[in-house]
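Read-outs throughout are calculated quantities, based only on the coordinates presented, and are distinct from any laboratory measurement. None of these values were measured; they are calculated from a predicted model. Quick reminder, even Gly has a Cβ in these numbers, built from the backbone with ideal geometry, and neighbours come from all protein chains shown.
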Amino acid sequence: MKGKLIILSGPSGVGKSTIRTELIKQLPNLWYSISATTRPKRDNEQNGIDYYFLTKEEFVKQIENNNFLEYEEVYKDTYYGTLKQTVFDKLNNNINVILEIDVNGALNIKKNLKEAILIFIEPPSFENLKTRLINRDTESEEKLKERLEKASYELSKKHHYDYIVTNDDLTTTISKVKEIIANEINN
Ligand code: 5GP
């Protein structure tokens, strides 16, 4: 395997996808692995761009066919997974790959692939995260509560990561993460 595997995690609402989108634009030779999910598509999302939106049956079929590098029930009855084939194809072709996945998925991969580089994005404070999630207005009250509970759990696992970056200011965060990845790629 020649390319580097970079894993970006952090609580829902912390700004991961904005950061990742910028990294892809700014760093050559970095490929984003689009995950599969059973979560319903949001209005601003596109199938095959943001996620592969699958039914539960389709997702289970992918599990049975051993097509996932990892998958997790991130939220109750909502599955997310990284498709194996393309990730390894890219890495074998010397292309660096970035995954944006939850803490459990990330730590599972790290168990088997010690060379994976783990980056955790944390909010400046829990209150700040809560405000961001409320303002994003993509979740029902119940789902918001679930996301905040999951956020506490994810924050409690951040010490397992190789790098922790606090997202105080988006532009600064992007350049910090960019520098981390650029250094790792050139290592
Ligand atoms: P959202 O529903 O807000 O798009 O994503 C919820 C969470 O699912 C994110 O915080 C993200 O880290 C996680 N996630 C997205 N894709 C994957 C994946 O392929 N595997 C795992 N384990 N988690 C994922």
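With a point put 7 Å past each Cα toward its Cβ, work out how far residue 29 is from residue 172 in nm, to one decimal.
So the two model labels end up 3.0 nm from each other.
On average over all directions, what projected area in square nanometres does the stretch 5-185 have, based on the convex hull of its Cα atoms?
10.0 nm²
With runs of 4+ DSSP H residues as the only contributors, calculate the mean residue ellipticity of the chain at 222 nm using -39,500 (n - 2.57) per run, divided by the residue total and rounded to the nearest 500.
Estimated from H runs of four or more residues: -13500 deg cm²/dmol.
Using only Cα atoms, locate the centre of the stretch 141-168 and the centre of the stretch 15-38, then give the distance between them in Å, rounded to an integer.
First find each Cα centre; the distance between them is then 19 Å.
Pull up the DSSP beta bridges for the stretch 69-187 and report the antiparallel fraction as a percent, rounded to 5.
Looking only at bridges with both residues in the stretch 69-187, the antiparallel portion is about 55 percent.
Please count, across the stretch 103-187, the pairs of lysine residues with Cα atoms under 16 Å apart that sit 8 or more places apart or on different chains.
Close lysine pairs found across the stretch 103-187: 8.
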